[in-house]
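First up is the structure itself, then whatever we jot down about it.
The values are calculated or read from the model by the stated rules, or taken from the named source; none is laboratory data. What you see is a predicted model, and the numbers here were worked out from it, not measured in a lab. All Cβ positions, even for glycine, are placed from backbone atoms using ideal geometry, and neighbour counts span all protein chains on display. Just the protein is used for accessible areas: all its heavy atoms, side chains included, with ligands, DNA and RNA removed. Shrake-Rupley method; radii C 1.70, N 1.55, O 1.52, S 1.80 Å.
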Amino acid sequence: MGEHTKARLILDYEAGRAALSEALPEFTSHPENFGSAGDLPIGALATVFRVKEAAQEKLWLKLSTIEVPDRVEVPPIAPDPGYEVPDVALASARISVPAAGRVNETVEIAFEGPSHGNPFTDVELHAYFSLDGEEIRVGGFYDGNGRYLVRFLPERPGQWQFRTESTARSLNGHAGTVRVEPGPARGAVRVAETFHFSYADGEVYRPVGTTLYAWTHQSPELEKKTLETLSTSPFTKVRMCVFPKGYIFNDNDPGLYPFEQDDETWDTSRFNPRFFQHLEDRIRDLGALGIEADVILFHPYDRWGFQDLGAAADDRYLRYVVRRLAAIPNVWWSLANEYDFLTAKTSRDWERFAKIVTEEDHANHLLSIHNGTRVYDFSAQWATHCSLQKVDYYKSAELVEDLREKWGKPVVMDEIGYEGDLEHEWGNLSAQEVVRRVWETNLRGGYYTHGETYYHPDDVLWWAKGGELVGQSADRIAFLDKLVAESPTRRLEPLSLAGVPTPAGGVAGEYELHYYGYSQCRYVTLSVPEGRDAVIDIIDTWAMTTDTLPGTYSGRPRVELPARPFMAVRVRVNKAP
């Protein structure tokens, strides 16, 4: 046992209970009060409850003497090369190919094939798409009722040729063409200019995120209300889980599960296509609103056992879900929410999972992993960007510039704390503080994800289940994003200005946003490039007002402010004559 052992498991051992009673008596006395948090690693709980370092070291030493039986891993299930008898004709399954597709939109080829045995594991299916010497390998999957699908996301127009390979003779050896025409779709989001993002067509993309962990596991009425709310919101990215969530304020069971069930045991070799079809429909709904789905593949808040399926089942699930979703343009991958709280998985597992995702994702969607208390090593080649939770009680946005420099990748503060009124420190920030962190993050060159956790008598909290927004930060986030969009590049870079300790961001010498946060300045002195003049705006980030000062300014103008917090100034430098 050690710091990665589940807290609840330690209580099963007398020596473990004794060690915990000394270090974390509140948990030992009333573990039922902690809900599913008891399934977190004891190291995470020790951090949350601020157990002193010396006491933690003493606890790890005591736990290291307790022996736990080794886990028995179930071996992988190999596809069956003899799934169909030799007299089944090659390529005899009925195939449906679209007359034409469009660039950056899903092309789907369907097969009516065999359904005996277990097609999820017995049948392996791939298609190879080629154009002008380029060949792309795309994995297929079984969608139930004898239906197999291959989905392809083309990024170039042309007459694409395809051929199939399969362990099922009736699916093997198909060949044909798909005409892909130009279209208006912007395509998948990519990293751009080291620290930013753009769509595949080059259009600037700014992630303005929100958190809806379990929104696809709610009633149809609540899902509809969530989409209606999103349609009038500023958000362009949603963090969401594949698996249902079991945690405080998340006690309801979902209507669908990802696997078939056999006598209360999950049959991880048989997926439930209806579950994944529903997930796909909701992701496409987000796409219709111009919103990216940041799909979280694993998470620790779970009472059904999905966080600990075993290596073979984990790998099989990953291949299935990535093959299903990879051709949907508005998908991002997050290997995990709070990866370090998943006690059954090691760094080797996460690296293996990343390899599987990159192998199976022919569209090369963005890929990252999110931390609890330990930040992942984002120098990993597969990590396209940094997805971060604050690891300091006070600091989050203030660290963005250092993180950009450390990792050389886009920094997304995916959990800076939630606007709400809960007793838990992660869920009780004021709207003013959320807005301050968002401004700080943006002006320091990063991006952010909002969340809202106001108490609701029916446990309908936005951060997990969606519904309606009741807080005050979302409108002010929209106000900020409009200011960012008005910069010449429609992005912000951090601006290091001599003698200015507060954050500033924009386009050097052209467009500057200065943010004063908690400070309540009566005036500030600015600097306009020599030989140029500028228009200056006074911005109240809370009242969402922009007051343009009369005339233009040059040199080092003194600008009067109303001596209250959360003010900003915008400097728009006129072009040189």
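For region 425-467, the residues whose amide N sits under 17 Å from a probe point set 7 Å from the Cα of HIS30 along the beta carbon direction are 425.
State whether region 402-503 is rounded, prolate or oblate according to the following rule on the C-alpha gyration tensor (a ≥ b ≥ c being the square roots of its eigenvalues): a/c under 1.5 gives rounded; otherwise a/b larger than b/c gives prolate, and the remaining case gives oblate. Working shown, then result.
Details: a/c = 2.27, a/b = 1.94, b/c = 1.17.
In terms of gyration-tensor shape, prolate.
For region 204-225 versus region 421-497, the inter-centroid distance based on Cα atoms is 15 Å. Dividing the convex hull volume of the alpha carbon atoms of region 197-275 by its residue count gives 152 Å³ per residue.
What accessible area per residue comes out for the chain, rounded to a whole number of Å², with a 1.4 Å probe?
Details: 24610 Å² over 577 residues.
It amounts to 43 Å² per residue over the chain.
Summing charges over all other residues whose Cβ lies under 13 Å from the Cβ of VAL178, with Lys and Arg as +1 and Asp and Glu as -1, gives +2.
Going by a ≥ b ≥ c, the root eigenvalues of the Cα gyration tensor, does region 65-132 fall in the rounded group (a/c under 1.5), the prolate group (a/b larger than b/c) or the oblate group? Because a/c hits 1.5 or more and a/b fails to exceed b/c, region 65-132 counts as oblate. Per residue, the chain reaches -7000 deg cm²/dmol at 222 nm when only DSSP H runs of four or more residues are counted, each adding -39500 (n - 2.57). Taking all Cα pairs closer than 8 Å and separated by 6 or more residues, the relative contact order of region 281-377 comes to 35 percent.
For region 244-328, compute Rh as the Kirkwood radius over C-alpha pairs and then the Stokes-Einstein diffusion coefficient at 25 °C and 0.890 mPa s; write the answer in µm²/s, rounded to an integer.
Values: Rh = 14.1 Å.
In µm²/s, the coefficient is 174.
The peptide list 218-229, 400-411, put in order of mean Cβ contacts within 10 Å with the highest first, becomes 400-411, 218-229.
Using R0 = 41 Å, the C-beta based FRET efficiency linking THR502 and GLN277 works out to 0.25.
Computed over the chain, relative contact order equals 11 percent, with contacts defined as Cα pairs under 8 Å that lie 6+ residues apart.
For the chain, the longest principal axis of the C-alpha atoms and the axis of helix 273-288 are separated by about 30°.
In whole percent, and with a 1.4 Å probe on the protein chains, what portion of the accessible area of the chain is carbon and sulfur? Each step should come with its number before you reach the end.
Working: 11990 of 24610 Å².
C and S fraction of accessible area: 49 percent.
The length gained on full extension between ASN364 and ARG8, counted as 0.36 nm times the residue separation minus their Cα-Cα distance, comes to 124.3 nm. Distance between the modelled labels on GLN381 and ASP253, one decimal in nanometres: 4.6 nm (7 Å Cα→Cβ projection).
Sorting 206-213, 145-152 by their mean Cβ neighbour count within 10 Å, with the most densely packed peptide first, gives 206-213, 145-152. Each Lys or Arg adds one and each Asp or Glu takes one away; over the other residues whose Cβ falls under 11 Å from the Cβ of SER269, this sums to -2.
The simple Förster model, with R0 at 41 Å and r as the Cβ-Cβ distance, assigns GLU203 and ASP540 a FRET efficiency of 0.85. Where both bridge residues fall in region 393-529, DSSP classifies roughly 55% of the beta bridges as antiparallel. Here the extension length gained between GLU228 and GLU425 equals 68.0 nm, from 0.36 nm per residue of separation less the Cα-Cα distance.
Dipole size in debye (nearest 20) for region 228-371 around its Cα centre, Lys and Arg Cβ +1, Asp and Glu Cβ -1?
Details: 16 positive and 24 negative charges, 85 e Å.
Dipole of region 228-371, to the nearest 20 debye: 400 debye.
What does the charge count around LEU45 come to, taking other residues whose C-beta lies under 13 Å from its C-beta (Lys +1, Arg +1, Asp -1, Glu -1)? Present the calculation step by step, with values, prior to reporting the outcome.
Working: positive: LYS6, ARG8, ARG50; negative: GLU3, GLU26, ASP39, GLU338, ASP340.
That works out to -2.
Estimated from the Cβ-Cβ distance and a Förster radius of 51 angstrom, the FRET efficiency linking ALA91 and ALA54 is about 0.15. Angle of helix 431-443 to the longest C-alpha principal axis of the chain, folded into 0 to 90 degrees and rounded to 10: 90°.
Expressed to the nearest 5 percent, the antiparallel share of DSSP beta bridges inside region 199-320 is 40 percent.
Here region 321-365 is treated as an ellipsoid with the same Cα gyration tensor; its semi-axes, largest first and in whole Å, are 22, 11, 7.
Here the chain carries DSSP beta bridges of which approximately 70% are antiparallel, counting only pairs with both residues inside.
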